Amino acid sequence: MIAEIGHFSLILAFVLAIIQGTLPLIGAGRRDKGRDDFGWTGLARPAAIGQFLFISMAFLSLTISFITSDFSLSVVVANSNSALPLLYKVSAVWGNHEGSMLLWVFILSLFGLCVVVFGKNLPLGLRARVLS
């Protein structure tokens, strides 16, 4: 069940990434001068927050799958062992190609969240372009 939650959250993060990468950029190109909550440029903030939450949930579910030795996942079968100590199981999460890509995307979404939280003094168009 944990693996399905992680997979579904990755699908939702992908849909939000498509929205975040296109609509705020189009709104900034059209010079959408709406308030921060309205218009296409205003979609960048909630999309970045949602993307961070869903990618965090996917990374957490992959970590739980490695910790509990959920061998229904092929990545856990290929890169883990039930006799490994806990520290090695946690580090095996990003020790493979799939996990390191997920960690990289998690870090990128963390930086997007930092732009949302700390970039309130940026102009709306610039913030929409940065988050796109």
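Per residue, segment 72-119 exposes 62 Å² of solvent-accessible protein surface, assessed with a 1.4 angstrom probe and all protein chains in place.
Whole-Hz Karplus values for segment 53-61 come out as 5, 6, 5, 4, 5, 5, 5, 5, 5 Hz, taken residue by residue from phi with 6.51 cos²θ - 1.76 cosθ + 1.60 and θ = phi - 60°; glycine and proline positions read x. Restriction of the trypsin sites (Lys or Arg not before Pro) in segment 82-132 to DSSP coil positions whose beta-carbon has at most 13 other beta-carbons within 10 angstrom yields Lys120.
Excluding the sites themselves, what is the longest stretch of the chain that contains no chymotrypsin sites (Phe, Trp or Tyr not before Pro) in a DSSP loop with at most 15 other C-beta atoms within 10 Å?
72-132
Its Cα centre serving as origin, the chain has a Cβ charge dipole (Lys and Arg +1, Asp and Glu -1) of approximately 660 debye. Taking each residue as 0.36 nm, the span from Glu98 to Ile49 lengthens on full extension beyond its C-alpha to C-alpha distance by 15.4 nm. Computed over segment 12-115, the P(r) curve from all C-alpha pair distances, binned at 10 Å from the origin, holds 16, 36, 24, 15, 9, 1 percent per bin.
Treating r as the C-beta distance of Ile2 and Arg31 and R0 as 30 Å, the FRET efficiency rounds to 0.10. Entry for segment 89-132 at q = 0.14, 0.15, 0.16, 0.28 Å⁻¹: log10 I(q)/I(0) = -0.45, -0.49, -0.53, -0.90, Debye formula applied to identical alpha-carbon scatterers, no solvent contribution.
The values are calculated or read from the model by the stated rules, or taken from the named source; none is laboratory data. From a predicted model like this one, the values you see are computed outputs, not experimental measurements. Neighbour counts are summed over all protein chains in view; Cβ atoms, including those assigned to glycine, are modelled from backbone coordinates with ideal geometry. Ligands, DNA and RNA are stripped out before the accessible areas are found, and what is left, the full protein with its side chains, is counted by its heavy atoms. Shrake-Rupley method; radii C 1.70, N 1.55, O 1.52, S 1.80 Å.
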